[in-house]
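So the structure is just underneath, and the comments pick up after that.
Each reported figure results from applying straightforward, stated rules to the coordinates on display, with no laboratory input. Just so it is clear, the structure is predicted and the values come from calculations on it, not from any experiment. Every residue, glycine among them, receives a Cβ derived from its backbone with ideal geometry; neighbour counts consider all protein chains shown.
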Amino acid sequence: GLIPEDCIVEVEKFLYAPKPYPKNLLYVSLEDKEDGEDVDDVSFVLKTLDGTFKRTSDVTDTEDISYVSSPYLPNCVRNPSWTENLTNNSNRKHESACGETSIRDELDEVISLSEVTVLVGEWIPFGANLIVALNERLGALDR
């Protein structure tokens, strides 16, 4: 086949209950964490339809990665009269190498990036008209 056998085995380990359980597809449910009282303290649980097997997913667990970044604002959105330079934190890059990490995977690849610019934008709709416009753009009104 086109897909290597080891890839198929890895995917099936994720999708199906392990032995000795029957090869039943796992379903996802959102459940309260047993040790938490907070309303947001929920987790994804993978389980068989009959409930004989269940496993809490760690897909929402975050991993800390050390990095250093500097603020960036493109010239086209800056006020022309603004002459002050933004903070440059490149002199602190050594701190990321000393930082702790909580990555649990085995890392066998290294990616080094230099002079990278990433723009992150956020739009929060305020008011009924903007929310209706957002729903319209997303096609929610067509359903």
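Can you check what the net charge comes to around residue 21, using other residues whose Cβ is under 14 Å from the Cβ of residue 21 (Lys, Arg +1; Asp, Glu -1)? Charge balance near residue 21 sits at +4. Karplus-based coupling profile of region 70-86, in residue order and whole Hz: 10, x, 9, 9, x, 4, 5, 10, 8, 6, x, 7, 7, 10, 6, 7, 6, with θ = phi - 60° in 6.51 cos²θ - 1.76 cosθ + 1.60 and x standing for Gly or Pro.
A straight Cα-to-Cα reach below 26 Å connects residue 47 with the lysines 13, 19, 23, 33, residues fewer than 8 places away in its own chain not being considered.
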